[in-house]
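See structure below.
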Amino acid sequence: MPLAVDLSDRIAWVTGGASGIGRVTADQLSAAGARVITLDVKPAPDSSAHRSYALDVRDSAAVEALVKELEQQHLGPDILVNAAGITRDGVVWKLGDAEWDDVIDVNLSGAFRMVRATAPGMRTRGRGGSIVNVASINGIRGKFGQSNYAASKGGLIAFTRAIATELARDRIRANAVAPGFTETPMTAALPPEVLDRARREILLGRLARPDDIASAIVFLASDLAAFITGQVLVVDGGQIA
Ligand SMILES: NC(=O)c1ccc[n+]([C@@H]2O[C@H](COP(=O)([O-])OP(=O)(O)OC[C@H]3O[C@@H](n4cnc5c(N)ncnc54)[C@H](O)[C@@H]3O)[C@@H](O)[C@H]2O)c1
């Protein structure tokens, strides 16, 4: 087994690929040789590293239609990274239905819709595959003000473990990455004291950068992780150690 990551015969799809962790993951997958397609509700322009499509993962019909269109062009995924995600923070007694539903709809049901739509093609093509769902340490430990987000990410971890059992017979692996606090547009707007508190929690003494998380995703997507499925890889610099 060669130790270098070589994805030159793979097609990789990344939801949420226009920004933050998803964007850097798309770049790293492309650098490893994959043909990369990013899917985002606010798509980035095409680049030399990837083709971009507009897709709202809340919309089942749109997900099904785009999967069909791309599969007809022989661009069905070998690697699927579900990185689309949102936060709508608030303590539970002030959380409205919309804040609860939106977060579950994007973070959990969005990944479900992508897997449901792509799994039949992955199984039929018979090339195996790798699904990596981007969860969060807050889906493991819970977090003040994030009951909706923590529930979505905890659910995503359970979903990942369940689909790993269903897809293993087709050599399709499913794993989750659970990032700690990462410097992206999602966290940029938070008050400095929240960032300081996170920094104090992290054994390695700094916030994660998107490339820290992307490398773990690329590892799980690659053949270096050929015997790893149904796992959650915590990438947090020791934040919840
Ligand atoms: N930043 C962190 O500290 C952190 C920590 C743990 C987990 N995560 C997770 O990592 C993932 C990426 O987050 P990020 O920090 O890079 O955030 P980000 O806001 O930079 O990127 C999220 C992307 O998802 C897209 N998106 C949102 N709703 C969508 C929808 N309905 N359909 C398609 N795309 C949609 C956005 O347009 C954006 O491009 C998320 O799932 C997030 O929950 C982030």
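Checking each residue in region 7-46 for being in a strand (DSSP E or B), surrounded by fewer than 24 Cβ atoms within 10 Å (Cβ to Cβ) and away from the ligand (no atom under 15 Å from the Cβ) picks out ILE11, ARG35.
Could you check, for region 165-172, whether at least one of its residues is small (Gly, Ala, Ser) and either open to solvent by less than 30 Å² (accessible area, probe 1.4 Å) or touching a residue at least 24 places away in the same chain (Cβ under 8 Å) (or both)?
Yes, region 165-172 has at least one match.
Sub-6 Å Cβ pairs linking a first residue in region 123-142 that is in contact (Cβ under 8 Å) with a residue 60 or more places away in the chain to a second residue that is within 16 Å of the ligand (Cβ to nearest atom) and open to solvent by 50 Å² or more (accessible area, probe 1.4 Å), at least 6 apart or interchain, are ILE137/ILE240; ARG141/ILE240, ordered by first then second residue. Inside region 47-86, residues that are under 22 Å from ALA176 (Cα atoms) and open to solvent by 50 Å² or more (accessible area, probe 1.4 Å) make up a count of 1. Consider region 220-233 and keep the residues that are farther than 17 Å from ARG127 by Cα and over 13 Å from the mean Cα position of the chain (by Cα). The one that is most open to solvent (accessible area, probe 1.4 Å) is GLN231. Pairs please, first residue from region 222-237 and polar (S, T, N, Q), second anywhere and surrounded by fewer than 16 Cβ atoms within 10 Å (Cβ to Cβ), Cβ atoms under 7 Å, 6+ apart in sequence or on different chains. Listed by first residue and then by second, the contacts come to THR229/ALA168. When restricted to residues that are within 15 Å of the chain's Cα centre (by Cα) and surrounded by fewer than 24 Cβ atoms within 10 Å (Cβ to Cβ), region 119-137 contains 1.
The single condition among (1) within 15 Å of the ligand (Cβ to nearest atom); (2) aliphatic (A, V, I, L, M); (3) modelled with pLDDT under 95 that ALA49 does not meet is (1). Within region 47-64, residues that are within 12 Å of SER30 (Cβ to Cβ) reach partners that are polar (S, T, N, Q) and in a helix (DSSP H, G or I) with beta carbons closer than 7 Å, at six or more positions or on different chains, in the pairs ALA49/SER30; HIS50/SER30. Among the conditions (1) open to solvent by 70 Å² or more (accessible area, probe 1.4 Å); (2) assigned to a helix (DSSP H, G or I); (3) within 15 Å of the ligand (Cβ to nearest atom), the only one that ASP105 does not satisfy is (1).
The values are calculated or read from the model by the stated rules, or taken from the named source; none is laboratory data. Note that this is a predicted model, so its numbers are computed, not measured. Reconstructed Cβ throughout: ideal geometry from the backbone, glycine too, with neighbour counts over all protein chains shown. Heavy atoms of the whole protein, side chains included, go into the accessibility calculation; ligands, DNA and RNA do not. Shrake-Rupley method; radii C 1.70, N 1.55, O 1.52, S 1.80 Å.
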